[in-house]
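Quick notes on the structure that follows.
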Amino acid sequence: MQNHPVYTDNDPQSELSTLNLGPTHPATHGVFQNVLQLDGERIVSGVSTIGYIHRAFEKIAEHRPFYQITPLTDRLNYCSSPINNMGWHMTVEKLLNIQTPKRVDYLRVIVMELARIADHIICNGVLGVDTGAFTGFLYMMEHREAIYEIYEEVCGSRLTTNIGRIGGFERNFNSRAFDKLRAFLKNFPKTLKEFESLFNRNRIFVDRTRDVAAVSAETALSYSWTGPLLRAAGVDYDVRAMNPYSSYEDFDFEVPVGDNGDVYSRFLVRNEEMWQSLRIIEQALAKLDKEPSDIFHADVPEFYLPPKEEVYNNMEALIYHFKIVMGEIPTPTTEVYHSVEGANGELGFYLVNDGGRSPYRLHFRRPSFINYQMYAPMSRGMLLSDAIINMSSLNVIAGELDA
Amino acid sequence: METTDLIFRIVLIVVIFAISLVVAMYSTYAERKVAAFFQDRIGPNRAGPWGILQPLADGGKMFLKEEIIPTNATGFLFIVGPSLAILTACIGSAVIPWGSAIAIGGHTFDLQVTDINVGVLYIFGVVSLGVYGIMIGGWASNNKYSLLGAIRAASQNISYEISMGLSIIALLMLTGTLSLKEIAEQQHGFAWNVWRQPLGFILFLVCAFAETNRSPFDLPECETELVGGYHTEYSSMKLGFYLFAEYINMFISSAVMATLYWGGYNYPGMDWVAAHVGPTIGPLIGVVVLFGKIFFSIFFFMWVRWTIPRFRYDQLMDLGWKILIPLAIANIVLTGVISTLLK
C-alpha cells in the first residue's frame, strides 16, 4: 500500500486518539483490521488492512486440475459455499461446452437458493446481535441448521460443502433430502415472519439503522458494488435476472430494491430476498416433478468423475477416471468469464485456459473484496457504533475478502 | 438500644447481606435460564439438578482463574475499581424496609437495618458512587476500549440520575417524607404509589435500566463495539466483582422500585391476615410479597434485555436529556396542580 498513513498517539497535544479495531475483535466477525483515528467516539479517518487469511487460492488453482479447485471455492464465502461450488462448475462447463439437463439445473437452483438463505440468515441475524438483540439471531440459526442438514443429505458435509461435480452432482438427491427440504419450506416462513416482526418496526432498531451509512446508487456503482448492497441503494441489478444461468429464466421471482442504501434497507432487502428464495425453491420442487427422477448429471463421461464403485467394476468408468485424473483429455484453449449471484453480490470466475488439465490463470471476482473497499472512506464522520453495524451489514466474509 | 434489639439488628444485617449475595448469584443463573427460555434453548443444566449449582461453579471458576494485571495499568486503582463497585452495590440495601414490624416473643422488631430520615437520598448517593468503580476501573486499565466504556458509563449515569431524581421529586411531593419506612407504611394495603404516579414510575423504571447498565442501556460494556467495555482488561474475581455488582444493583434497584412504587411489603388484605393469622406470620407474608415483587421486576429486566436492541450513544443522551427530563418536569407540575386541586 502506498502512502499508508500511520496513526500514533505520541503527540500529547492531540485531541485525537487511535483505536485498533481488529484483527481480533468481537465485532469484525473475521480477521481484518481497521486502524481508526477517533475524536471521542467519532471516526475521523480510518485505514483498512486486509490479507490476514490470504491463502493464494488463485495461485494454488493454477496447479490443480479443474475438479480439485472446487474445495478452494468452498473457502471463499464459507457462509454460502454451495453457490461458489456451483459457480465454479458452471464456469468449467462453459469452458468445455457442456449442456446440463434441466433437472440438474433445478437441483442446483435449490441448493444455491438454500445457500443464499443460509448466508442472509447469518448476516441479518448478526446485525441483530451487533445492535444488541441476540434472540432473533438464535431463532434464525435453528433454520440454518436445517439447511446444513439438507446439505448433509445431498453431499455429506455441512460448512465447506464441495457439493456437486463438473457436469452435475456426484449422486442423486435421496428422499430424506426432499423430506427435509419440504419440512424447511414449511417451518422457515414462520420464523422469518417472527424475525421480521421483531426488527422491521422496532423503534430502537430502526433508529439505529435508518440513514446509517447511506450510499447513493451512483457511489455504489462507482465502487462496483453488487448484490444486496447495490440493490439496497436502488439499482435492480441481479445476475439471476440480468444474465440467467442454471435455468433461472424459468423461474418467477422479484428483485427487491431499497431506497437509499443504508443499513436498514440492506436489512430489508436481505429479508425480502429470503422470501424470494423460498418462492424459487418451491417452483423448483414443482418443476422437478415433471423431470425424469434419475438424471443428476450431464452425459459427459470424459469430464464427469465416475463414482468409485463403477471405477472398480466397470472398464469404461476406469478408463475415464484414469484420463480425467491424469488430465489426458484436451480442453479448449480459450478464456471464459462466468458469474453467479452470490449471497454478497456478483461472484465471478475469470478462467484462462491453455488446453491443459489446470487453468493457466484463474481469477475470482469476490464481492466481499470489492464491497469492502468503500468501508474506510465511508466510515469517516461516523460514530464507532455505526461503523460497526455498517461492517456487519456489508457482510464481509474474511475468506472471500482475502481469498 | 436494648441488647435483644442490637442482636436482632446484627442478625438482620448478616441475613440481608447474605440474601443480597444469594439473590445476585442466582440472578446470574436466572438470567441464563430466562435467556434460554426466550431463545428456545435449555440453558445451564450440568451442575447439579437443573443446573442449580451453576452459580457456585462459576464463582469457583472466577476465584481459580489467573489474575492478570496489565503492565501499563495503574496497579492500585486497578484494584480499587471493582472493590468500589461491589462495595457500593452491597451497602444500598441498608435502608430498605423488608417488612412491617414483626412481633417475636413479646418484642416487636423492625425489618429494616436502619431507618434514616433521608433514606431516598442515601440510596441515590450510594448508587451515584457506584459509577466511580466503573470509571476508576476503566481508566486504570489503560486500554482505549475500557476508557470509552468508562466515559460512556459516567455520562450515562450522570444524565439519567437527573431524570431519576426529578421523577422521585413528584413522588416525594405526595409522600412528604424521605424515609423509606414511612413511604412504605403510607402505601398500606392496596394504596400503592404507582396508581398515583404512573408516569413517574415509568420514568423511574427507564432510569433504573440506565443506572444498572442493563440493556437497552448497556453501552458501557457492549461487547460488539467495545469488546468488554470497562472490564475488558479484568480477569479472575475482579471481573467477577464487576459482573456481580451489576446483579446486586439490579436487585437493589428492584427493591427500591418495589418499595417506592409497588407498595413494598404491603398487599391487599394484609390487615385481615395480621388480625386472623397473627402478628408474626402476617409481616412474614409481607416479606414474601416484597420478594415476589422484586423477583418479577428482576425478570422484567431480563425480559427486556433479551428482547430489544440497544441504543446508540447519542440516542441515549437524546432520550435522557430531551425526553425524560422534560417529561419528569411535566410530571412534577402535573402532580403539583392535581394535588392542589384535590386538597
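The values are calculated or read from the model by the stated rules, or taken from the named source; none is laboratory data. As the structure is a computational prediction, the values presented were derived from the model and not from experiment. Here Cβ is always computed from backbone atoms with ideal geometry, including for glycine, and neighbour counts include all displayed protein chains.
Listing for the model above:
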quantity: Matching residues, the range A:307-320, being in contact with a helix residue (DSSP H, G or I) (Cβ under 7 Å, 6 or more places away or on another chain) and either farther than 13 Å from A:E170 by Cβ or exposed (fewer than 14 other Cβ atoms within 10 Å of the Cβ) (or both); calculated: A:A317, A:L318
quantity: Residue tally, condition touching a helix residue (DSSP H, G or I) at 6+ places or on another chain (Cβ under 8 Å) and either at pLDDT 80 or above or exposed (fewer than 14 other Cβ atoms within 10 Å of the Cβ) (or both), over the range B:282-294; calculated: 5
quantity: Residues (within 14 Å of chain B (Cβ to nearest Cβ), surrounded by fewer than 24 Cβ atoms within 10 Å (Cβ to Cβ) and charged (D, E, K, R)) located in the range A:101-142; calculated: A:E142
quantity: Of the criteria (1) away from chain B (no Cβ under 14 Å); (2) crowded, with 16+ Cβ neighbours inside 10 Å; (3) of a type in the set (A, V, I, L, M); (4) touching a helix residue (DSSP H, G or I) at 6+ places or on another chain (Cβ under 8 Å), which one A:I60 fails; calculated: (2)
quantity: Verdict on B:A140 being surrounded by 18 or more Cβ atoms within 10 Å (Cβ to Cβ) and without any contact (Cβ under 8 Å) to a residue 40 or more places away in the chain; calculated: no
quantity: Residue within the range A:41-56 that is within 14 Å of chain B (Cβ to nearest Cβ), out of contact with any Lys or Arg (no Cβ under 7 Å at 6 or more places or on another chain) and not polar (S, T, N, Q) present; calculated: yes
quantity: Criterion: over 25 Å from B:F296 (Cα atoms) and surrounded by fewer than 21 Cβ atoms within 10 Å (Cβ to Cβ) - qualifying residue of B:G176, B:G189; calculated: B:G176
quantity: Test: residue in the range A:223-236 that is assigned to a loop (DSSP other than H, G, I, E, B), of a type outside the set (S, T, Y) and farther than 30 Å from A:Y106 by Cβ; calculated: yes
quantity: Qualifying positions in the range A:322-341 - modelled with pLDDT under 90 and crowded, with 17+ Cβ neighbours inside 10 Å; calculated: A:I324, A:T331
quantity: Subset of the range B:136-145 that is in a helix (DSSP H, G or I) and within 12 Å of another protein chain (Cβ to nearest Cβ) - its residue that is farthest from the chain's Cα centre (by Cα); calculated: B:K144
quantity: Selection from the range A:195-211 of residues that are assigned to a helix (DSSP H, G or I), away from chain B (no Cβ under 11 Å) and in contact with a helix residue (DSSP H, G or I) (Cβ under 8 Å, 6 or more places away or on another chain); calculated: A:F195, A:E196
quantity: Leading residue by the ranking (modelled with the lowest pLDDT) among those in the range B:113-135 that are polar (S, T, N, Q) and assigned to a loop (DSSP other than H, G, I, E, B); calculated: B:T114
quantity: Among the candidates A:Y78, A:Y7, residue that is within 14 Å of A:N162 (Cβ to Cβ) and surrounded by fewer than 21 Cβ atoms within 10 Å (Cβ to Cβ); calculated: A:Y78
quantity: Leading residue by the ranking (farthest from the other protein chains (Cβ to nearest Cβ)) among those in the range A:359-383 that are small (G, A, S) and crowded, with 18+ Cβ neighbours inside 10 Å; calculated: A:S368
quantity: The range B:211-230, residues that are within 14 Å of another protein chain (Cβ to nearest Cβ), in a helix (DSSP H, G or I) and of a type outside the set (V, I, T); calculated: B:L219, B:P220, B:E221, B:E223, B:E225, B:L226, B:G229
quantity: Matching helices (runs of 4 or more DSSP H) fully within the range B:246-325 where at least 3 residues are away from chain A (no Cβ under 14 Å), in contact with a Phe, Trp or Tyr (Cβ under 8 Å, 6 or more places away or on another chain) and β-branched (V, I, T); calculated: B:281-305
quantity: Every pair of residues 6+ apart whose Cβ atoms lie under 6 Å, when the first sits in the range B:37-57 and is farther than 23 Å from B:R305 by Cα and more than 14 Å from every other protein chain (Cβ to nearest Cβ) while the second is part of a loop (DSSP other than H, G, I, E, B) and of a type in the set (G, A, S); calculated: B:L53/B:A47; B:A57/B:A47
quantity: Residue that is surrounded by the fewest Cβ atoms within 10 Å (Cβ to Cβ) [pool: residues in the range A:279-306 that are among the aliphatic types (A, V, I, L, M) and part of a helix (DSSP H, G or I)]; calculated: A:A286
quantity: Residue check, A:S358 in contact with an Asp or Glu (Cβ under 7 Å, 6 or more places away or on another chain), within 26 Å of A:Y67 (Cβ to Cβ) and touching a residue at least 24 places away in the same chain (Cβ under 8 Å); calculated: yes
quantity: Residue satisfying condition, being of a type outside the set (S, T, N, Q) and in contact with a His (Cβ under 9 Å, 6 or more places away or on another chain), within set A:V336, A:V340, A:V352, A:V325; calculated: A:V352
quantity: Some residue of the range A:170-181 being under 27 Å from A:Y337 (Cα atoms), more than 14 Å from chain B (Cβ to nearest Cβ) and crowded, with 24+ Cβ neighbours inside 10 Å; calculated: no
quantity: Counted residues, the range B:232-243 - those being within 14 Å of chain A (Cβ to nearest Cβ) and either assigned to a helix (DSSP H, G or I) or among the hydrophobic types (A, V, I, L, M, F, W, C) (or both); calculated: 0
quantity: Close pairs (8 angstrom Cβ cut-off, 6 or more residues apart or separate chains): closer than 26 Å to B:G336 by Cβ and assigned to a helix (DSSP H, G or I) in the range B:146-170, of a type in the set (D, E) and modelled with pLDDT under 85 anywhere; calculated: B:Y160/B:E211; B:E161/B:E211; B:M164/B:E211
quantity: Residue match in the range A:13-28 (condition: closer than 24 Å to A:N162 by Cα and either away from chain B (no Cβ under 14 Å) or surrounded by fewer than 19 Cβ atoms within 10 Å (Cβ to Cβ) (or both)); calculated: no
quantity: Among (1) assigned to a helix (DSSP H, G or I); (2) in contact with a helix residue (DSSP H, G or I) (Cβ under 6 Å, 6 or more places away or on another chain); (3) surrounded by 19 or more Cβ atoms within 10 Å (Cβ to Cβ), the one test that A:S246 misses; calculated: (1)
